1. Give me the percent of DSSP beta bridges within the range 1-151 that run antiparallel, rounded to the nearest 5.
2. How big is the range 125-169 by Rg and Dmax over its Cα atoms, in Å?
3. If you take the C-alpha gyration tensor of the chain, multiply each eigenvalue by 5 and take the square root, what semi-axes do you get, largest first, in whole Å?
4. Kindly rank 202-211, 71-80, 2-11 from highest to lowest mean number of other beta carbons found within 10 Å of each residue.
5. Let me know the Rg and Dmax you get for the range 94-204 when you use only its Cα atoms, in Å.
6. Report P(r) for the range 70-149: all Cα-Cα distances, bin width 10 Å, range 0 to the bin holding the largest distance, values in whole percent.
7. So, in nm, how far is label residue 39 from label residue 4 when the simple model puts each one 7 Å beyond its Cα toward the Cβ?
8. Where is the GNM fluctuation largest for the chain (alpha-carbon springs, 10 angstrom cutoff): 177, 165, 56?
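Just so it is clear, none of the values below were taken in a lab; they were calculated from the coordinates. All figures in this text were calculated on a predicted structure; none of them were measured in a lab. Here Cβ is always computed from backbone atoms with ideal geometry, including for glycine, and neighbour counts include all displayed protein chains.
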Ligand code: PGA
């Protein structure tokens with residue numbers, strides 16, 4: 001059983017925090033939230049995230065699809081980010097991650113899935129194209145987020161302004177350090193295209209998932225600390241519909 005806490009923020013905004021007992025429970029709760037949106041609105045726009053945290057959630061969604069509980073045939077998706085220089089054929093790309101961990105296991109039309117093209121010859125033009133894709137889809141019915149140990153959401157690293165759309169980022173040493181477990185060649189993981197905070201905040205609902213001790217301090221800062229671009233996730237205190245599902249031990253203070 002999870003623990004439910006409300007964090008009342010400035011202006012009376014309430015962040016809903018579900019503290020799960022472990023990663024499996026976190027994944028089930030998060031998958032249930034997404035499935036319910038799709039059941040209610042079959043052509044929902046899902047904003048999706050990559051990383052280690054959502055893998056269990058995607059597995060549960062695939063199980064629900066296979067059990068006939070949810071139909072993704074009309075769903076559209078838009079992902080947060082992609083590494084510059086990596087395409088679908090590279091297993092480290094986020095496009096490959098999405099195909100492997102979710103899209104190949106459900107009945108989504110792959111043409112309705114969107115990830116920035118890391119191989120675009122003109123990266124600035126790609127940012128503009130992706131911004132247009134997001135605009136055309138309309139607001140995400142839900143945007144899934146992980147959180148970096150430095151507080152980043154998407155690849156919006158500390159000190160990025162809150163006012164940006166899709167843009168290119170140079171990743172911080174902290175993020176490159178985490179990614180270096182994946183990339184032998186560091187240059188390959190040094191730049192990314194990311195949705196901006198503006199695109200994220202435009203979602204109707206936000207689902208932030210976080211797991212493990214390493215995320216506990218930054219999650220507490222993001223939810224209870226000062227709202228500052230130095231902790232990009234702290235901006236979520238200004239969004240009217242945020243659900244945090246965490247297995248970092250935050251509920252057990
Ligand atoms: P993780 O990444 O899920 O692999 O911890 C989260 C993030 O950096 O946004």
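1. Of the beta bridges lying entirely in the range 1-151, close to 45 percent run antiparallel.
2. Values for the range 125-169 (Cα only, Rg and Dmax): 11.8, 32 Å.
3. 25, 23, 18
4. Sorting 202-211, 71-80, 2-11 by mean packing, highest first, produces 202-211, 71-80, 2-11.
5. Expressed in Å, the Cα Rg and Dmax of the range 94-204 come to 14.3, 39.
6. Once binned at 10 Å, the Cα pair distances of the range 70-149 give 17, 48, 32, 3.
7. My value for the distance between the label points is 1.6 nm.
8. 177
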